[in-house]
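Here's the structure, in structure tokens; my notes come after.
The values are calculated or read from the model by the stated rules, or taken from the named source; none is laboratory data. It should be emphasised that the depicted structure is a prediction, and the values quoted were computed from it without experimental measurement. Here the Cβ is made from the backbone with ideal geometry for all residues, glycine too, and neighbour counts use every protein chain on show. Heavy atoms of the whole protein, side chains included, go into the accessibility calculation; ligands, DNA and RNA do not. Shrake-Rupley method; radii C 1.70, N 1.55, O 1.52, S 1.80 Å.
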Amino acid sequence: MSWKDTYQTWLNEASLETSLKNELQEMTVDESQLEDAFYAPLSFGTAGMRGLLGPGINRMNIYTVRQATEGLARFMDTLDDATKSRGVAISFDSRHHSQDFAHEAAHVLGAHGIKSFVFEGLRPTPELSFTVRHLHTYAGIMITASHNPKEYNGYKIYGEDGGQMPPKESDLITSYVRQVTDLFKIEVADESQLLKDKVMTIIGDDVDQDYLAKVKTVTINPKLAQEMGKDMKLIFTPLHGTGQMLGEKALQNAGFTNYEIVPEQAKPDPEFSTVKKPNPEDPEAFKLAIELGKKVNADVLVAVDPDADRLGTAVRQPDGEYQLLTGNQIASVLLHYILEAHKQAGDLPTNAAVVKSIVSTEFATKIAASYNVEMINVLTGFKYIAQQIEHFEATGEHTYMFGFEESYGYLVKPFVHDKDAIQSLVLLAEVAAYYRSQGKTLYDGLQELFKQYGYFREKTISQTYAGIDGADQIKALMKKFREEAPTHFAGHAIVATEDFSTQTKAEASGQTVKMNLPVANVLKYILDDETWIAIRPSGTEPKLKFYIGTNADSLELANQKLSDFETALNEFIK
């Protein structure tokens with residue numbers, strides 16, 4: 001069928017939800033918009049799906065949510081009865097239609113006799129990961145578009161380990177999703193009957209309390225937190241999302257009582273009315289927090305994204321202004337504190353290990369090495385960090401200490417198998433308290449680490465290639481990097497090229513080494529000054545991502561090198 005045929009099918013569908021039908025009729029004046037909504041199904045991959053809200057097979061709506069859930073249900077129908085009977089945990093964020101989508105998913109599962117455990121109200125992604133493990137469900141569904149603008153929503157599937165569904169199972173689910181061709185004939189059960197039959201269960205406070213009890217174990221030095229938590233001033237903003245309730249309780253449980261919530265951003269709001277993007281990476285998201293911070297002379301400002309799995313911070317400088325830290329810097333500061341605190345306590349395990357993605361900073365690697373702690377690199381995607389945790393727990397080979405990705409995602413304790421901003425909030429407050437106890441700020445602490453380990457600078461550049469031709473443009477650029485392989489960037493020679501699609505590392509000497517990480521469409525270049533550059537398509541958005549990591553003996557020189565490499569990279573991709 002052509003996109004026009006698919007569009008006509010939707011337009012003529014008598015059961016089409018009224019709001020979607022009205023929106024569809026409004027779209028008739030813009031053929032390009034219609035084509036984009038109907039030319040292909042919304043991409044469903046290892047990270048689930050994410051897209052614009054609206055009518056169409058390439059949009060997030062109750063029908064594409066039903067389709068995705070039907071695929072999961074059909075896959076679960078192939079499992080043995082005991083496994084299938086464990087059911088699915090479901091949570092959702094503050095976005096438009098998130099609660100509707102969560103309940104639609106439960107209705108589809110219910111039609112297959114699959115139990116669902118649905119939160120009574122919005123909850124963070126990390127609590128969903130915890131719940132899968134805590135209730136021993138087979139899978140989890142999280143309705144969220146993370147930090148994307150208000151026009152988006154998404155659907156993520158979690159496996160029984162609490163991490164996002166691994167590729168093998170995800171690929172099988174995708175195949176079942178694609179078998180569902182008539183989105184209007186997917187069977188959905190009646191919610192009242194599901195609740196009566198206990199096939200659908202509403203969950204809430206009991207799980208919250210169990211999760212918060214685990215979060216209390218994140219604090220390394222409770223005495224320090226209790227003593228300094230009454231004096232240190234912290235500003236916290238959930239950016240209109242899910243983070244306030246659990247974030248506040250977690251801070252209070254740890255002893256951090258001298259905090260304020262940014263009032264304009266406290267309540268859940270699907271419009272994200274005070275920000276263009278509810279993204280803790282974005283300086284604009286901190287505007288109100290900075291204003292409040294200056295009024296009350298706050299030590300540290302913290303923001304979490306709408307589903308509370310990612311965290312950003314701004315720290316007070318000597319002149320009273322606030323500086324945002326990068327995800328790599330936050331991770332490095334947290335890691336140093338964890339390792340130093342355990343070293344001082346005499347309980348740093350001899351087999352301690354840290355896990356990070358291949359596009360995250362080597363600053364952390366250098367810190368870990370100074371404590372004789374192994375750094376393990378994995379592909380981008382927190383599910384790969386979760387897989388390492390599972391491996392550690394099964395073999396005893398290493399003791400997990402910390403895991404992170406450069407994109408503002410960190411995991412302290414592995415009772416969650418995904419990035420967790422609630423855990424990170426509590427630990428960051430403790431680190432800030434530690435520096436305050438020495439008459440310093442987090443900014444001072446970072447400067448000390450730079451002086452000790454070198455000045456590391458990184459940058460992530462995202463290029464969007466939207467629409468029908470976007471995927472082809474991304475493929476063409478990746479092909480260019482492989483077939484017209486660069487030998488230098490900014491005057492520095494490439495000494496090794498890692499191509500994760502072939503699992504090979506080609507050195508300038510001509511030697512080729514086999515890598516043991518999974519196959520992925522990622523390229524990484526190592527240069528003669530230890531700078532590295534990586535390129536990969538995004539798994540959830542129509543973007544090509546470029547990563548640069550460099551270091552020098554001074555911040556000025558590191559910044560200059562970063563700029564030079566970015567210029568050289570842009571010249572190559574023209």
- Cβ crowding within 10 Å averaged over residues, with 250-260, 233-243 ranked highest first: 233-243, 250-260
- Query: With each run of n ≥ 4 DSSP H residues scored as -39500 (n - 2.57), what mean residue ellipticity at 222 nm is computed for the chain after dividing by its residue count and rounding to the nearest 500 deg cm²/dmol?
  - Reply: -12500 deg cm²/dmol
- Item | Shape of region 508-574, Cα gyration tensor, a/c cut at 1.5 | oblate
- Task: Put one equal scatterer on each alpha carbon of region 1-134, apply the Debye formula with no solvent term, and list log10 I(q)/I(0) at q = 0.16 1/Å to two decimals.
- Result: -0.89
- Item | 1.4 Å probe accessible area per residue over region 399-462, in Å² | 27 Å²
- Rounded, prolate or oblate: which fits region 78-139, taking a ≥ b ≥ c as square roots of the Cα gyration tensor eigenvalues, rounded meaning a/c under 1.5, else prolate when a/b beats b/c? oblate
- List the residues whose amide H sits under 5 Å from the amide H of GLU13, counting only those 5 or more places along or on another chain, with H placed 1.01 Å from N in the peptide plane. none
- Message: Can you return the aspartates and glutamates within cross-link range of LYS524? Criterion is Cα-Cα under 13 Å, with same-chain partners fewer than 8 residues away left out.
- Response: GLU498, ASP499, GLU507
- Which lysines have a Cα less than 21 Å from the Cα of LYS21, not counting those fewer than 8 places away in the same chain? LYS4, LYS150, LYS185
- Item | Segments 439-448, 375-384 sorted - mean Cβ within 10 Å per residue, highest first | 375-384, 439-448
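Once you sort the root eigenvalues of the Cα gyration tensor of region 236-375 as a ≥ b ≥ c, which label holds: rounded (a/c under 1.5), prolate (a/b larger than b/c) or oblate (the other case)? Kindly include the intermediate steps, with their values, before the conclusion.
On the way: a/c = 1.91, a/b = 1.81, b/c = 1.06.
It comes out prolate by the Cα gyration axes.
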- Note on the structure: Over 23 Å (Cα to Cα) among LYS277/LYS545; LYS223/LYS343; LYS479/LYS561; LYS230/LYS451; LYS514/LYS561; LYS480/LYS545 -> LYS479/LYS561; LYS230/LYS451; LYS514/LYS561
- Expressed in angstrom and rounded, the centroid-to-centroid distance over alpha carbons for region 135-164 and region 46-68 is 13 Å
- Task: Could you check the simple spin-label distance between ASP30 and GLN317, using points 7 Å along Cα→Cβ, in nm with one decimal?
- Result: 4.0 nm
- Message: Contact order normalised by length for region 369-414, with contacts defined as Cα pairs under 8 Å and 6 or more residues apart; what percent is it?
- Response: 25 percent
- Item | Under the Debye formula (equal points on every Cα, no solvent term), log10 I(q)/I(0) of region 173-288 at q = 0.09, 0.13, 0.14, 0.22 Å⁻¹ | -0.46, -0.80, -0.86, -1.16
- Query: If you find the alpha carbon centre of region 206-251 and of region 84-133, how far apart are they in angstrom?
  - Reply: 25 Å
- Pick out, in residue order, every one of the chymotrypsin sites (Phe, Trp or Tyr not before Pro) in region 489-527 that is DSSP loop and has at most 11 other C-beta atoms within 10 Å; say none if there are none. none
- Task: With the full set of protein chains in place, find how many percent of the accessible area of region 356-447 is carbon and sulfur; take the probe as 1.4 Å.
- Result: 43 percent
- Mean separation of Cα contacts under 8 Å, 6 or more apart, over the residue count of the chain: relative contact order %: 12 percent
